[in-house]
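Read the structure below first, then the notes.
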Amino acid sequence: MTYGDGPLLVIAGAGTGKTRVLTYRIAYLLRERGVAPSSILAVTFTNKAAAEMKERLLALVGAAAQRVWAGTFHAACVQILRQHADRVGYAKRFAIADTADQLAAVRQALKELDMDAKKFDPRAMLSAISAAKNELISADEYGERATDFWEKSVARVYPVYQRILNSSDCLDFDDLIMQTVVVFQHHPEVLAMYRQRLHYVLVDEYQDTNHAQYRLVRLLAGEDGNLCVVGDADQSIYRFRGADIRNILSFTGDYPSAAVIK
């Protein structure tokens, strides 16, 4: 991967080596271009994929791989929020709610609102709240947009659910990305600091990004930044989590100067 600076889209089908493309791209930047390891951010979706990426980098470039910021979207956002969560009203030492914690919070919210959990399935309610956060829709915005009976029911539970989490200094997994985006949007000086630090952003399995992840990447990379994404529009597996295929299909529209390699 000897492409120079600027936006780059790599279309790679199943089994063609998406992760290999990213690792060799990073190795080229380190060995041939003299890029500082700490100025590279590489993100993917699972801990397994992130570990594989780090292993391959270690084999290619040695100890320098340890200083590349490589991990999942959520892990990257945790690191950012541990430094800046106070900018959006959260404690820096926040806890992270797992699924059991989230369902307990939904059930508590239903109880407080005198809503029957048998009629309003907590898992379905949680799924709706998660989908809203993946679209960067706050509880207030959701309430303003709600039209039918179900949406209006979710609009009642969403703010109470959020209050219950907040009372325990707790964020759920969707909050990790959503609140990082909020930090960057409301505090441009924080975003500027990360843009100054990160000269190259690389994203694996780009076809599986949802709107919140898409927005996060765009903020970090800037309008004409060094953003390299690898994906396959025919291979999305996270549609149930809000993955938006339009993110990869519209890449050249978002970045008109982008190079495309198939």
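The values are calculated or read from the model by the stated rules, or taken from the named source; none is laboratory data. In this text the structure is predicted, and so the values were computed from the model without any measurement. When we count neighbours, we look across all protein chains shown, and the Cβ atoms used for this are built from the backbone with ideal geometry, even at glycine. All accessible areas refer to the heavy atoms of the entire protein, side chains included, with ligands and DNA or RNA removed. Shrake-Rupley method; radii C 1.70, N 1.55, O 1.52, S 1.80 Å.
For every residue, the table says whether it meets (1) of a type in the set (Lys, Arg); (2) under 25 Å from residue 21 (Cβ atoms); (3) open to solvent by 40 Å² or more (accessible area, probe 1.4 Å).
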{"position": "80", "(1), (2), (3)": "no, no, no"}
{"position": "93", "(1), (2), (3)": "yes, no, yes"}
{"position": "106", "(1), (2), (3)": "no, no, no"}
{"position": "114", "(1), (2), (3)": "no, no, yes"}
{"position": "126", "(1), (2), (3)": "no, no, no"}
{"position": "135", "(1), (2), (3)": "no, no, yes"}
{"position": "144", "(1), (2), (3)": "no, no, yes"}
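So which residues in the range 125-136 are within 15 Å of the chain's Cα centre (by Cα) and either of a type in the set (A, V, I, L, M, F, W, C) or at pLDDT below 95 (or both), if there are any at all?
At the first step, the residues of the range 125-136 found to be within 15 Å of the chain's Cα centre (by Cα) are 130-136.
Those that are within 15 Å of the chain's Cα centre (by Cα) and either of a type in the set (A, V, I, L, M, F, W, C) or at pLDDT below 95 (or both): 131, 132, 136.
Rundown of residues vs (1) in contact with a Lys or Arg (Cβ under 9 Å, 6 or more places away or on another chain); (2) among the acidic types (Asp, Glu); (3) open to solvent by 30 Å² or more (accessible area, probe 1.4 Å), yes/no style:
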residue	(1), (2), (3)
118	no, no, yes
131	yes, no, yes
149	no, no, yes
156	no, no, yes
159	no, no, yes
176	no, no, no
208	yes, yes, no
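From 37, 7, grab the single residue that is closer than 25 Å to residue 219 by Cβ and in contact with a strand residue (DSSP E or B) (Cβ under 6 Å, 6 or more places away or on another chain). Write out each step before concluding.
On the way: 37 fails: in contact with a strand residue (DSSP E or B) (Cβ under 6 Å, 6 or more places away or on another chain).
Criteria check complete, one pass: 7.
Among (1) among the small types (Gly, Ala, Ser); (2) at pLDDT 90 or above; (3) open to solvent by 10 Å² or more (accessible area, probe 1.4 Å); (4) not in a helix (DSSP H, G or I), which single condition is residue 14 missing?
With respect to (1) among the small types (Gly, Ala, Ser); (2) at pLDDT 90 or above; (3) open to solvent by 10 Å² or more (accessible area, probe 1.4 Å); (4) not in a helix (DSSP H, G or I), residue 14 is out only on (2).
Can you tell me which residue in the range 17-56 is modelled with the lowest pLDDT, limited to those that are of a type in the set (A, V, I, L, M), over 18 Å from the mean Cα position of the chain (by Cα) and in a helix (DSSP H, G or I)? Give the derivation first.
Going residue by residue through the range 17-56, those that are of a type in the set (A, V, I, L, M) are 21-22, 26-27, 29-30, 35-36, 40-43, 49-51, 53.
Add one more test, that the residue is over 18 Å from the mean Cα position of the chain (by Cα), and what stays is 21, 26-27, 29-30, 35-36.
Add one more test, that the residue is in a helix (DSSP H, G or I), and what stays is 21, 26-27, 29-30.
Values: 21: 88, 26: 94, 27: 94, 29: 94, 30: 93.
This residue is 21.
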